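The values are calculated or read from the model by the stated rules, or taken from the named source; none is laboratory data. Everything quoted here is computed from the prediction, not taken from an experiment. Don't worry about glycine lacking a Cβ; one is built from the backbone with ideal geometry, like all the others, and counts go over all protein chains shown. The area values use the complete protein model at the heavy-atom level, side chains included, leaving out ligands, DNA and RNA. Shrake-Rupley method; radii C 1.70, N 1.55, O 1.52, S 1.80 Å.
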Number of protein chains: 2
Amino acid sequence: MRPDARRTTLATIAQAAGVSVATVSKVVNERSDVAPQTRARVLELLHQHGYIAPVFRHAEVATNPTIEVQFDGDLKTYSAEALAGIMDAATDLGASVVVSKASRTTHWARDLVAAGRRALIAVTSVYTTAHLNALDRAGLPLVVLDPLHLPHSRVNSVGATNFAGGLAATQHLLALGHRRIGYVGGPAIAVCNQARMHGFRAAMEAASAPVPAAYVRSGEFTYQAGLHGGAALLDLEEPPTAVFTGNDEIALGLIETARTRGLRIPEDLSVVGFDDTLLARMASPPLTTVRQPIREMGSVALRTALRLANGEKVESYHIELATELVTRESTAPCR
Amino acid sequence: MRPDARRTTLATIAQAAGVSVATVSKVVNERSDVAPQTRARVLELLHQHGYIAPVFRHAEVATNPTIEVQFDGDLKTYSAEALAGIMDAATDLGASVVVSKASRTTHWARDLVAAGRRALIAVTSVYTTAHLNALDRAGLPLVVLDPLHLPHSRVNSVGATNFAGGLAATQHLLALGHRRIGYVGGPAIAVCNQARMHGFRAAMEAASAPVPAAYVRSGEFTYQAGLHGGAALLDLEEPPTAVFTGNDEIALGLIETARTRGLRIPEDLSVVGFDDTLLARMASPPLTTVRQPIREMGSVALRTALRLANGEKVESYHIELATELVTRESTAPCR
DNA sequence: CTGAAAGCGCTTACAG
DNA sequence: CTGAAAGCGCTTACAG
C-alpha cells in the first residue's frame, strides 16, 4: 500500500505513548497487568497508527485478497446467481470469497478486518448509518449489490435498470392488446421494487390505460406472496387479463393460483416475471420475464470491491447494468 | 493441536539439513541464491517437520477456522441449497466458509493449506487418486458431499439414501396403478444415479412390471436432458404413463416436452422428481418428488470437516441421511 | 503496574 | 553458493 513508509512497530507506539515497548506488547497481547488508563491510551495510539499484529499481517501480504459476501436471510436462486458472478470474477482476479449470513454484532466491522477481509459485498441487504460508520472506522470498503435503499454517494452499489425493465414489460403486454394489467410487486420500501412499479405506471399512463388501486399490490419477493397476490387480483370483479410481477418467484406463485382456478397460461392470463433466474427458464410454460444480468452484476460488484480494497477510486459510486425483456410463452394476445 | 510440542523453527530444520539458519531462511523466502540440491533437501525437511512460515500461522491461531467449499461447474439450485446448509453449521460453530470453483492446479492442495484452509468440502465433485494423494501430503482433510464415486474408506462423504428414494418413488407410481413406468436419470457413472435407478428396478421387479430397455435413459442432471429424454420416451410406440426422473431439473424438462405435445400433467402423464429443491415446490403443477435433505447434508458435511480439521476421528467415513417421498400434484392414478 | 534486560525467531548485507 | 554476524520486532521472567 505505502511501499516506502515503514510499517508501524511497537517501538513507534511506545515512544508516542511515553511507555516502554514491553508495556505496549502487553496491551497488544491483552495481558491483564496494565493500568486501565495506560491501556486506553496505548489502544488509541495503536488504532491511530494502524498497527497490525504479526498474526494478522497475512491480510496485507496475501497475494489473493479475501472478500466477504454477506447475505440477508436465505440463499435464494437470485443470490446464488449473484454469487456465481462474484465467483467468476474472483477466479479471474485471484481473490478468495468468504460467504456468511449478515449478522452485525458489536465488533462486527473490526472483526472482519482482523479476520483478513479486504472488502465487503452485501447482497440485497439493509444497512443503517451505524453500520456505515462502523465500516468507515474499520477502513473496510463496502459494495452493495442490488441495494434496497436509494443510491447514495457514501455507498458503492451495483444495480440494474429497473425502471426501464418495468416499462418494457408493461409495453410488451400493452402491445399484445392488454389494457387491464396488474402489478404484484415486492416490498414497498425496496427501491428496486419502486422503480419497477413506476416503470409499469409510466407505460400505462403513456397508453392512457387506467390502473385501479386494487390492481397494484406490494408484499414480499416470494412464491407465497405470488400465491396470495394472485388470489387477490383474480378475486376482483373485473380481474386483470395480464399481470406484471416484481420477480420470477412471485410470477410462479401467481401462476399456481391461476392454475388451481382452472385458468390457462397464457390463454386466460398473461404473466411477466422479473430477474430471469433459472426458475423462469424451467417454468411450464417458460416464463416471459425481464432479464437482470445478475451474474454480471455480481462480477462488477467483486471487481469494484477489489479496486476499493486496493485504495483505487472508482468512476461512479453507483453502476446500473441494462435489463432486457425475454419473451417466452407465458404471454399472449388479449382475447 | 500439540500444545506441549514446541513449534518447528528454522533452527531445527537447519540442524537436520546440516546447513545454517540463514540458508533455510532463504529457501523459505524463495530467494534464488541457494543451490538446487540444497533447496530440495531443505524443502523436503521443511515439509516433513510441518514448518509453517510466520505469515501463515494465523491459520493455526485462528479462533474461527476456515473451510473451503469447492463446486464443480456452476452453482445450481442443488449446490446453492447445500451451501445454505454448510453456512448454517458454519454460523453455529464460528467457522468461515470460502467458496470456489474446483480447479486443481499443480500446487493445489498445498496452496489451500498455505491460504489457511483447514479442510475441504467438495460438492458433487469428481476426484482422482492423484487428488487424494495431494490432499494427504498437504494434510488437508476432505469431505465429499453427494459423492459421484462409491463410498470408499479413504474418503469421507455425506450422501442420501438414494436407493430407498428410488424405491419409494416407483412404489408410489405403482400404487397409483401405473405399469408402464420410465426412468430418465443422470450420468450413468454417478453412484447416486445408479442407486436411484436400482431402487426403481427393484420396485418394478417386485411388482412384476416389465421394464423395456428403451424406458431407461441416462444423461445429465439438467433441464436440457429432461427435454430430450422426455421426447425420446414420448416418441415410443408404447410410451410410459409415468416417469421417474433422476432429479427435479430433469423432471421439469420432461414436463415441458409433455406440455408442448399437448399432454397434461398429471392427467396424461405422471412425473416424479428427485431432490425437492425449490424448483419442485414452485413448479406448475407442484412436483411430486423425493426429498433429499440437502441442507442438512451440507450441515453434516461442515461439522464432519471441522472435526477432521481438529484431528478428531469420525464414527463412520460415510453418512447417509434419509430421503422421503413428497406427494404433490404431478402424479395421479393411471387411467 | 512498569520497564530493563535477556532472549527467540527470523532476515539480510556482506565476506569468503 | 554459503554462513557468521549484526540487527529487527517482539515477548517474557523478573526486579522494583
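Quick notes on this one:
- Within segment A:100-114, restricting attention to residues that are polar (S, T, N, Q) and in a loop (DSSP other than H, G, I, E, B), the residue that is farthest from the other protein chains (Cβ to nearest Cβ) is A:Thr106.
- Residue, nearest to the other protein chains (Cβ to nearest Cβ), within segment A:82-96, restricted to residues that are in a helix (DSSP H, G or I) and of a type outside the set (A, V, I, L, M): A:Thr91
- Filter result for B:Val243 (farther than 23 Å from A:Leu252 by Cα, open to solvent by 30 Å² or more (accessible area, probe 1.4 Å) and β-branched (Val, Ile, Thr)): no
Results for (1) open to solvent by less than 10 Å² (accessible area, probe 1.4 Å); (2) not in a helix (DSSP H, G or I), shown as yes or no for each residue.
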site	(1), (2)
B:Ile250	yes, no
B:Ile255	yes, no
B:Ala258	yes, no
B:Ile265	no, yes
B:Phe274	yes, yes
B:Gly298	yes, no
B:Ala301	yes, no
B:Thr304	no, no
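- A:His47 being outside the structural domain of A:Leu145 (by TED's automatic domain parsing), closer than 25 Å to A:Gly139 by Cβ and more than 16 Å from DNA strand C (Cβ to nearest atom): yes
- Restricting B:Ala231, B:Ala203 to residues that are hydrophobic (A, V, I, L, M, F, W, C) and closer than 26 Å to A:Arg259 by Cα narrows the list to B:Ala231.
- Residue list for segment B:6-22, restricted to those being under 14 Å from B:Ala53 (Cα atoms) and away from DNA strand D (no atom under 11 Å from the Cβ): B:Arg7, B:Thr8, B:Thr9, B:Ala11, B:Thr12, B:Ile13
- Within segment B:63-101, the set of residues being surrounded by 18 or more Cβ atoms within 10 Å (Cβ to Cβ) and at pLDDT below 90 comprises B:Pro65, B:Leu75, B:Lys76.
- Members of segment A:71-81 found to be part of a helix (DSSP H, G or I) and at the interface with chain B (Cβ under 7 Å from one of its Cβ atoms), listed by number: A:Thr77, A:Ala80
- Criterion: open to solvent by 20 Å² or more (accessible area, probe 1.4 Å) and either under 29 Å from the mean Cα position of the chain (by Cα) or not acidic (Asp, Glu) (or both) - qualifying residue of A:Leu236, A:Leu279: A:Leu236
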